[in-house]
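No value in this document is a laboratory result; all are computed from the given coordinates. Note that the coordinates shown come from a computational prediction; the quantities given were computed from them, not determined experimentally. Neighbour counts run over all protein chains shown; Cβ positions are idealised from the backbone, glycine included.
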Amino acid sequence: KPRKVFFSRQLPGVALDRLAAEADVTIWPKADAPTPDELSDVVRGCDAILTLLSDAVDGRVMDAAGPQLKVISNYAVGYNNIDLAAAKQRGIQVGNTPDVLTDATADLAATLMLAASRRVAEAADDVTSGRWQNWEPAGLLGVEPSGKTLGIIGMGRIGKALANRMVGGWKMNLIYTSRRDQTDVNESLSGRRVELDELLRESDFISIHVALCEATRKLIDAEAFAKMKSNVVLVNTARGEIIDQDALLDALDTCKIFTAGLDVTTPEPLPASHPLVQHQRCLILPHIGSATTTARSAMTEIAVDNIIAGIQGKSLRCPVTL
Ligand code: GLV
Ligand code: GLV
């Protein structure tokens, strides 16, 4: 009997056709993500599940699917939405979609660095609202990245791609945190690995590129903001939970930091009335780091490859391990 696969959303690209030859594919029809209860209900009897980063998949969902569930294919590089221990316990493989979204996400981090440092959202709002009347010599002054120190928290694939752009193009000085020393980064980009404390104290621009886990939840809290220089530009394209948003709001309100550029928040979306959304010096985007046609089609290819391998009992193209 044919394999059953559930997709929690329609995906861009053509890779789905390959899967249709192997399995019966059901796609969640609504624009709103399934609730945990709905998800448990629709995955019953499935051999594979395709999930988005906004779908929380715990042991309950896995058990609701049933013992034939072989693979959970997450349409994202991050996988904090999936309980890996529960999957391992049940012998379920988990896959993600790394590499193909590295350039797109690094481009967006660079975009946020430049847009936040030049107050682009505030400036555009001045025009849209009709507030802009005169070219002012001291109006909307920003800060420049050239020659400044960029602190990258988490020197993985995306952190390195951002470092390449900002050191190569803007001649920034590079410091970074990482579990291990990155010789290539030290040699080709004159990077220096430091402790988080030093990074917070030395950086003019800070960009976050670590995965969300217990150790990184609220990594940037009030204490971290207190250590920063004044006029720092803070960028987050990783996960919203890494920043303590109350502390960020306070740092913006007290002008402790210059501006923030966020592609991720907690929750997503933040209500439009949230003080961070309304804040002049906080630019928030709707989690579009990987949103290019190139990246998203390639992510679909990998996600489908992961599913096909998983239902055939083979190892995944891009496996996630605990
Ligand atoms: C997006 O946030 C991803 O993890 O791919
Ligand atoms: C500004 O428009 C300049 O040319 O400096």
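In this structure, the amide hydrogen of Asn74, modeled 1.01 Å from its nitrogen in the peptide plane, lies closer than 5 angstrom to those of Thr51, Gly95, Asn96, counting only residues at least 5 positions away or on a different chain. Computed over the chain, relative contact order equals 20 percent, with contacts defined as Cα pairs under 8 Å that lie 6+ residues apart. Residue-wise HN-Hα couplings along the stretch 81-89, as the Karplus relation 6.51 cos²θ - 1.76 cosθ + 1.60 with θ = phi - 60° gives them from phi, are 7, 10, 7, 5, 5, 5, 5, 4, 3 Hz; Gly and Pro carry x. For the stretch 9-84, the alpha-carbon radius of gyration amounts to 1.05 times the rule-of-thumb value 2.2 N^0.38 Å expected for a compact globular protein. Computed on the Cα trace of the chain, the radius of gyration divided by the Kirkwood hydrodynamic radius gives Rg/Rh = 1.01.
One equal scatterer on each Cα of the stretch 80-185, no solvent, Debye formula: the resulting log10 I(q)/I(0) at q = 0.21 Å⁻¹ is -1.10. GNM, the chain, Cα, under 10 Å: largest mean-square fluctuation among Ala15, Ala295, Ala31? Comparing Ala15, Ala295, Ala31 in a Gaussian network model of the chain, the most mobile one is Ala31. When the chain is treated as a Gaussian network with alpha carbon springs shorter than 10 Å, the biggest mean-square fluctuation among Pro267, Pro145, Pro67 belongs to Pro267.
Less than 5 angstrom separates the built amide H of Val232 from those of Phe258, all sequence-distant by 5 or more or on a different chain.
For the stretch 209-322, the Kirkwood estimate of the hydrodynamic radius, built from every pair of different alpha carbons, is 16.2 Å.
Ordering Asn74, Leu248, Gly139 by Cα displacement along the dipole of the chain toward the positive end leaves Asn74 in first place; charges were set at the Cβ atoms of Lys, Arg (+1) and Asp, Glu (-1).
In the stretch 102-284, inverting the average of 1/r over every pair of distinct C-alpha atoms gives 16.6 Å as the Kirkwood radius.
Find the eigenvalues of the gyration tensor of the Cα atoms of the stretch 187-270, then list the square roots of 5 times those eigenvalues as equivalent ellipsoid semi-axes, largest first, in whole angstrom.
Numbers: eigenvalues 79, 53, 28 Å².
The three semi-axes for the stretch 187-270 are 20, 16, 12 Å.
Quick one: dipole size for the stretch 16-96, taken about the Cα centre, charges +1 on Lys/Arg Cβ and -1 on Asp/Glu Cβ, in debye to the nearest 20.
On the way: 7 positive and 12 negative charges, 54 e Å.
Charge dipole, the stretch 16-96, about its Cα centre: 260 debye, nearest 20.
Placing unit charges on the Cβ atoms of the charged side chains and taking the dipole of the stretch 102-284 about its Cα centre, the candidate lying farthest along the positive direction among Ala272, Val185, Leu199 is Val185.
For the pair the stretch 215-249 and the stretch 1-64, the centres of their Cα atoms are 34 angstrom apart. The string of couplings for the stretch 157-172 from the Karplus curve (6.51, -1.76, 1.60, θ = phi - 60°) is 4, 6, x, 5, 5, 5, 4, 4, 5, 7, 7, x, x, 10, 6, 7 Hz, one whole number per residue in order, with x for Gly and Pro.
Using a Gaussian network model of the chain in which every pair of alpha carbons under 10 angstrom is joined by a spring, one finds that among Ile27, Ile257, Ile220 the greatest mean-square fluctuation is at Ile27.
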